[in-house]
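The values are calculated or read from the model by the stated rules, or taken from the named source; none is laboratory data. Computed from a predicted structure; not experimentally measured. Neighbour counts run over all protein chains shown; Cβ positions are idealised from the backbone, glycine included. The protein model used for the area step is the full one, side chains on, heavy atoms only, and it has no ligands, DNA or RNA in it. Shrake-Rupley method; radii C 1.70, N 1.55, O 1.52, S 1.80 Å.
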Amino acid sequence: MTKLPEDGSAVSPFRPVTPPSDSARLAAEARQQELTKPAGSLGRLETLGEWISSCQDACPPRALERVRVVVFAGDHGVAAHGVSAYPPEVTAQMVENIGAGGAAVNVLAAIAGATVRVVDIAVDADTDPSVSEFKIRRSSGSIDREDASSEDEVRAAVAAGAAIADQEVDGGADLLIAGDMGIGNTTPATVLIATLTDTEPVAAVGRGTGIDDAGWIRKTAAVRDAMRRARPVAKNPLDLLRVAGGADIAALAGFLAQAAHRRTPVILDGLVVTAAALVAEDGAAGAREWWVAGHRSAEPAHSLALRHLRFDPIVELEMRLGEGSGALAALPLVRAGVAALNSMATFADSGVSTGEHSTTDEPSTADEPSTTDEHSSTEVD
């Protein structure tokens, strides 16, 4: 199990974040005006390219050559109370499936040109040592009736997420995607979002893995009870994660905050990842400038979180899988925005006319007779 350094040397990622480069963003905006296209004609692709420029502090931006997906896996005690359509043992099975390359995240990553890593943070089973280096505990507590983790565990989980971000950045990652895997994890994610956005449970609870009406009622009751426990600690990110999150979500929050400190852009996935982002932004003010929302989940709480973070998703495909799948669907569009900004020819280099007349190109009227006859205009179109 992961422990914090006894000498206290670990630096919490929950501290204010330095923003991306304004000068690089402004340079990228200016470069857009020089490219062989009408201004603004590539729409959102232009702003995505400008965002990567600001994150890299470079114009034009460099191509994204090492995109890394990290899937954070963990079980949740609340899953034992009928809030999911799948049994808890599926989490460990899916961790193995992702490791073997058989999950949706693996397929989409291969198409989008990314690599995948899965980490066991709180799976309620023994997993391969290759994925359990940062394991905090087996499952998190059932948050409708007990804390998700202890104070030491939540601090260790946040530190683990930060360490994982450091490993990926030090390994050369130039863009990160955070994913999640865990039966029952949409329940704590919904609790976190509904608590921080002051939303009633019935307006926030979705169907998760596809629960029926009876399951939705049980899930809504669990969210309601967990929110009662969470509200008193809502203003303290660590306490909120301890009471109502889970070790995996706490690690996600640490990962997202540390990626921002390491000046590395992140594409957020769906409900669970964005719930962690909401908490991370509270703890590490300014971190959101280093993230974009890959997609909008079909889960209602995800839209609440996106609105709170002031994010417009890149794609809307009614996805609700998790694993990083929605972010991977958006990755080719981010790549396209970067490629357009760094590879398109400029008007000056290509000889393509901008469509604007310069003063030296205007025909002279010096030798033409002046006239006041309104039918004898010398205006040149």
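When the Cα positions of Val191, Ala221, Leu304 are compared along the charge dipole of the chain, Ala221 comes out farthest toward the positive end, with charges on each C-beta of Lys, Arg, Asp and Glu.
Here the 3J(HN,Hα) profile of the stretch 127-140, calculated from phi with Karplus coefficients 6.51, -1.76 and 1.60 at θ = phi - 60°, is 10, 4, x, 5, 10, 10, 4, 10, 4, 9, 6, 8, 6, 9 Hz, Gly and Pro shown as x. Quick check for you: with a 1.4 Å probe and neighbouring chains kept, what is the accessible area per residue of the stretch 114-174, in Å²? I get 39 Å² per residue for the stretch 114-174.
Charge dipole (Cα centre; +1 on Lys/Arg Cβ, -1 on Asp/Glu Cβ; no other charges) of the chain amounts to roughly 1700 debye. Residues within the reach of a label modelled at Arg228 (point 7 angstrom out along Cα to beta-carbon, backbone nitrogen below 14 Å), restricted to the stretch 173-209, are 201. Helix 271-283 against the longest principal axis of the chain: what's the angle in degrees, Cα atoms only, rounded to the nearest 10? Value to nearest ten degrees: 80. Taking amide H positions as modeled 1.01 Å from N, with prolines and chain starts lacking one, the residues under 5 Å from Ser140 and 5 or more places away or on another chain are Asp75, His76, Gly77. Here the alpha carbons of the stretch 1-127 define both size measures, Rg and Dmax, at 21.1, 59 Å. Around the amide H of Leu175, modelled in the peptide plane, lie the amide H atoms of Arg66, Arg68, all under 5 Å away and 5 or more residues distant in sequence or on another chain.
What the phi angles of the stretch 62-71 give under the Karplus curve with 6.51, -1.76 and 1.60, with θ = phi - 60°, is a coupling list of 7, 4, 7, 9, 9, 8, 10, 9, 10, 9 Hz, glycine and proline written as x.
To the nearest Å, what is the center-to-center distance of the stretch 22-76 and the stretch 99-166, using C-alpha atoms only? The two parts, judged by their Cα centres, are 28 Å apart.
How much net charge surrounds Ala276 when only the other residues with a Cβ under 13 Å from the Cβ of Ala276 are counted, with Lys and Arg +1 and Asp and Glu -1? Taking every Cβ under 13 Å from that of Ala276, the sum is -4. Between the stretch 239-264 and the stretch 186-225, the alpha-carbon centres lie 21 Å apart.
In percent, rounded to a whole number, the relative contact order of the chain is 24, using alpha-carbon pairs under 8 Å and six or more apart. Maximal additional length on extending the Thr36-Trp216 stretch stands at 59.6 nm, based on 0.36 nm per residue less the C-alpha distance. Between the entries (1) 1.18; (2) 0.96; (3) 1.12, the label attached to Cα Rg over 2.2 N^0.38 Å calculated for this structure is (1). Here the relative contact order of the stretch 38-107, from alpha carbon pairs under 8 Å that lie six or more residues apart, stands at 14 percent.
Axis of helix 90-99 versus longest Cα principal axis of the chain: the two differ by about 50°, to the nearest ten degrees. Between 0 and 90 degrees, the angle of helix 325-343 with respect to the longest Cα principal axis of the chain falls at about 30 degrees.
With N the number of residues in the stretch 139-247, Rg(Cα) / (2.2 N^0.38 Å) evaluates to 1.16. With the simple model of a label 7 Å out from the Cα in the direction of the Cβ, Ser23 to Arg145 spans 5.9 nm. Summarising the amide proton neighbourhood of Val71: residues at separation of 5 or more, or on other chains, whose placed amide H is nearer than 5 Å comprise Arg117, Val118, Val119, Gly179. Projecting the Cα atoms of Pro60, Phe72, Asn106 onto the charge dipole of the stretch 51-126, computed from C-beta unit charges around the Cα centre, puts Pro60 farthest toward the positive end.
When +1 charges are put on Lys and Arg Cβ atoms and -1 charges on Asp and Glu Cβ atoms, the dipole computed for the stretch 1-139 relative to its Cα centre reaches about 320 debye.
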